[in-house]
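Trainee: Please read through the structure below; I'll follow up with questions.
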Amino acid sequence: MEADAALRRFLEHLANERRYSPHTLNAYRRDLASLRGYCRRNRIRDWSRLSSAHVRAFAAERHRGGLSGRSVQRILSSVRSFYRYLLREGTVEANPAIAVPAPKVPRRLPQTLDADQLARLLEIPPSDPLAIRDRALMELLYSSGLRLAELVALDRGDIDLDDATVRVTGKGAKTRIVPVGRQARAALRTWLEVRGRIARPAAGDALFLGRTGRRLGARAVQQRLLVRARRAGLDARVHPHRLRHSFASHLLESSGDLRAVQELLGHADIRTTQIYTHVDFQHLARVYDAAHPRARKRR
């Protein structure tokens, strides 16, 4: 059917033109499959016949079915993106999801690690090439605030240690240049010296390699962080995005420059970055409670 063909073309557009990660593509595929199911049940055979009332009813149905407000927000975002594509292709004349509100959800502040926790996490003895690799990739995640997909896609040519920068391809295939700190540069130099011991021809120019000598995958990075956090005695669940959150929060705490943090993170909308101002305020509130004469609890 033409409706299904339009969905396939949209997903191909996201994969080939927008260069979205497999994880993001799967999320879009699930969200739009649920919309397609709703259309079939309601005998809506053409995307141009879907109205705002239909989208509102679809979102309400998903919410009543047990989806959280945050998940419904994500589904509506997928539908809006799909219809923007259909508008561009001339398949429809309006975006029926544009004015449909999602259920409100409480703002969830990103979890971060403090400087002492990070120091413990990054204290990895260089016992073998894989330990050296773990130290280098974690230093780079925290030093430059990279997303997990950005990290595993890096090639050696993307790193310029002399210029102290890394070229990153982020969401929507947008490229940005991000500084690399001194500790991360030192860890990367050490890793590049031993990388050849485990490299295989299939690795190509991949910066980070797995045990088999091929490009390191996202799941393997997540597992390594969990293992390293456990060995460091950290109670917090450490994942790659937590290092990105820590990077943003610590940078904003020190500089107060929200626009610079936005550029370094690669956020298209500064409203996405503004959540870190709330994290920063939490830090200020703790300092106030601990230090102000009228705020300290009597012992």
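Trainee: What do you reckon, is G217 over 23 Å from V168 (Cβ atoms), touching a helix residue (DSSP H, G or I) at 6+ places or on another chain (Cβ under 8 Å) and in contact (Cβ under 8 Å) with a residue 12 or more places away in the chain?
Mentor: For G217, the condition - over 23 Å from V168 (Cβ atoms), touching a helix residue (DSSP H, G or I) at 6+ places or on another chain (Cβ under 8 Å) and in contact (Cβ under 8 Å) with a residue 12 or more places away in the chain - is not met.
Trainee: Further question: Would the range 197-209 turn up any residue that is among the aromatic types (F, W, Y), touching a helix residue (DSSP H, G or I) at 6+ places or on another chain (Cβ under 6 Å) and modelled with pLDDT of 95 or more?
Mentor: Within the range 197-209, one or more residues are among the aromatic types (F, W, Y), touching a helix residue (DSSP H, G or I) at 6+ places or on another chain (Cβ under 6 Å) and modelled with pLDDT of 95 or more.
Trainee: Counting just the residues of the range 208-260 that are closer than 23 Å to Q183 by Cβ and of a type in the set (D, E), which one comes out surrounded by the most Cβ atoms within 10 Å (Cβ to Cβ)?
Mentor: The selected residue is E253.
Trainee: Looking at (1) under 30 Å from Y142 (Cβ atoms); (2) modelled with pLDDT of 90 or more, can you tell me which one H23 breaks?
Mentor: Of the numbered conditions (1) under 30 Å from Y142 (Cβ atoms); (2) modelled with pLDDT of 90 or more, the odd one out for H23 is (2).
Trainee: Can you tell me which residue is surrounded by the most Cβ atoms within 10 Å (Cβ to Cβ) among those in the range 59-104 that are among the charged types (D, E, K, R) and under 18 Å from G37 (Cα atoms)?
Mentor: Looking at the filtered set, the residue picked out is R62.
Trainee: State all residues of the range 69-99 that are under 19 Å from A53 (Cβ atoms), assigned to a loop (DSSP other than H, G, I, E, B) and either at pLDDT 90 or above or touching a strand residue (DSSP E or B) at 6+ places or on another chain (Cβ under 9 Å) (or both); if no residue qualifies, say none.
Mentor: If the condition is that a residue be under 19 Å from A53 (Cβ atoms), assigned to a loop (DSSP other than H, G, I, E, B) and either at pLDDT 90 or above or touching a strand residue (DSSP E or B) at 6+ places or on another chain (Cβ under 9 Å) (or both), then V92, E93, A94, N95, P96, A97, I98 are the ones that fit.
Trainee: With respect to the numbered conditions (1) under 19 Å from S34 (Cβ atoms); (2) of a type outside the set (D, E); (3) part of a loop (DSSP other than H, G, I, E, B); (4) out of contact with any helix residue (DSSP H, G or I) (no Cβ under 9 Å at 6 or more places or on another chain), which one is the sole condition not fulfilled by R56?
Mentor: Evaluating R56 over (1) under 19 Å from S34 (Cβ atoms); (2) of a type outside the set (D, E); (3) part of a loop (DSSP other than H, G, I, E, B); (4) out of contact with any helix residue (DSSP H, G or I) (no Cβ under 9 Å at 6 or more places or on another chain) leaves (3) as the failure.
Trainee: I'm trying to understand the selection: among the residues of the range 1-34, which are of a type in the set (F, W, Y) and part of a helix (DSSP H, G or I)?
Mentor: Passing the criteria: F10, Y28.
Trainee: Continuing with the same structure: Can you pull out every residue in the range 170-207 that is more than 26 Å from the chain's Cα centre (by Cα), without any contact (Cβ under 8 Å) to a residue 24 or more places away in the chain and either part of a helix (DSSP H, G or I) or surrounded by 15 or more Cβ atoms within 10 Å (Cβ to Cβ) (or both)?
Mentor: Selection gives E193, G196, A199, P201, A202.
Trainee: Is it true that some residue in the range 151-167 is outside the structural domain of E17 (by TED's automatic domain parsing), part of a helix (DSSP H, G or I), of a type in the set (D, E, K, R) and surrounded by fewer than 19 Cβ atoms within 10 Å (Cβ to Cβ)?
Mentor: Yes - at least one qualifying residue is present in the range 151-167.
Trainee: Just the residues that are part of a helix (DSSP H, G or I), out of contact with any Leu (no Cβ under 7 Å at 6 or more places or on another chain) and free of Cβ contacts under 8 Å to residues at least 60 places away in the same chain, please, taken from the range 236-269.
Mentor: Within the range 236-269, E253, S254, S255, R259, A260, Q262 qualify.
Trainee: Still on this structure, please answer the following. Among the residues of the range 218-233, which ones are among the hydrophobic types (A, V, I, L, M, F, W, C) and in a helix (DSSP H, G or I)?
Mentor: Residues satisfying the conditions are A218, A220, V221, L225, L226, V227, A229.
Trainee: I'm checking my understanding of the structure. Among residues of the range 240-299 that are at pLDDT below 65 and of a type in the set (F, W, Y), which one is nearest to A149 (Cα to Cα)?
Mentor: Here the residue is F281.
Residue-wise test of (1) under 20 Å from L216 (Cα atoms); (2) aliphatic (A, V, I, L, M).
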position: D116; (1), (2): no, no
position: R120; (1), (2): no, no
position: R133; (1), (2): yes, no
position: R147; (1), (2): yes, no
position: I159; (1), (2): yes, yes
position: T165; (1), (2): no, no
position: T169; (1), (2): yes, no
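The values are calculated or read from the model by the stated rules, or taken from the named source; none is laboratory data. Predicted, not measured: the structure shown is a model, and the values here were computed from it. Glycine gets a Cβ as well: all are built from the backbone with ideal geometry, and neighbour counts include every protein chain shown.
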